[in-house]
Amino acid sequence: MKIYTKTGDRGQTSLVGGQRVSKCCERLESYGTIDELNAHIGVLIAACSDEADKAFLTDVQGTLFVVGGYLATDTSQRDVRPGNIVTAEMVQAVEAEIDRLQATLPPLKLFILPGGCMAAGFAHVCRTVCRRAEREILRLAATGAEVDETVLAYVNRLSDYFFVLARKLNVDAGCPDVVWRRKNDSPSR
């Protein structure tokens, strides 16, 4: 398989099924941001030491290929391939992992700043890119494109997961969350 095809040299690319579209259309922005998130997760995995975290993140990467395949399909032109359908079970898997991680964390009472240990910092980057992907998918839906609610639920839950994972990674590293304070707040608040 050739890596370069030269078919995109004029700013067009193909969706699932071959339909040609602009590389800057909302559909491309949505699944391109999912691809970007997937790359950031690769960096996060490299920074993680917990094998269970790495395994779950690798599963997330696979599911993001499903999400990307779904978003790369213009359902007004063709049906979504069975392998590109995001399921309720995928959403539930993220919820179960959030619950598992959250059970190990101290309660959160104040806003925290993104950061801490290196892995937690990467998890916060994943969280923010995931939130942007969600916005891009909503922009796609605003154009009249059909977007399955399960896709939106999955991406929304995933950003919550990255927040909880960042906190867990800081706990594992012995690095406490940094509480956000306004400049005029006293440390006792």
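The values are calculated or read from the model by the stated rules, or taken from the named source; none is laboratory data. Bear in mind the structure is a predicted one, so any value in this text is a computation, not a measurement. Methodologically, a virtual Cβ is constructed for each residue, glycine included, from the backbone with ideal geometry; neighbour enumeration extends over all protein chains shown.
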- Item | Filtered residue count, region 70-106, keeping only those that are in contact with a Gly (Cβ under 7 Å, 6 or more places away or on another chain) and of a type in the set (A, V, I, L, M) | 0
- Note on the structure: When every residue in region 71-121 that is polar (S, T, N, Q), in contact with a helix residue (DSSP H, G or I) (Cβ under 7 Å, 6 or more places away or on another chain) and not in a loop (DSSP other than H, G, I, E, B) is compared, the one farthest from W180 (Cα to Cα) is N84
- Task: Those residues that are buried (at least 21 other Cβ atoms within 10 Å of the Cβ) and under 26 Å from A120 (Cβ atoms), I need them from region 31-47; list them, please.
- Result: T33, I34, L37, I41, L44
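Can you work out which of the residues in region 138-180 that are acidic (D, E) and in a helix (DSSP H, G or I) is nearest to I45 (Cα to Cα)?
Step one: of region 138-180, the residues acidic (D, E) are 146, 148-149, 160, 172, 177.
Add one more test, that the residue is in a helix (DSSP H, G or I), and what stays is 149, 160, 172.
Working: E149: 28, D160: 17, D172: 15 Å.
Of everything passing the filter in region 138-180, D172 is nearest to I45 (Cα to Cα).
Specify the residue that is nearest to F162 (Cα to Cα); the eligible residues are those in region 55-79 that are modelled with pLDDT under 90 and crowded, with 18+ Cβ neighbours inside 10 Å. Write out each step before concluding.
Kept after step one, since they are modelled with pLDDT under 90, are these residues of region 55-79: 72-79.
Then keep just the ones that are crowded, with 18+ Cβ neighbours inside 10 Å; that gives 72-73.
On the way: A72: 24, T73: 27 Å.
That would be A72.
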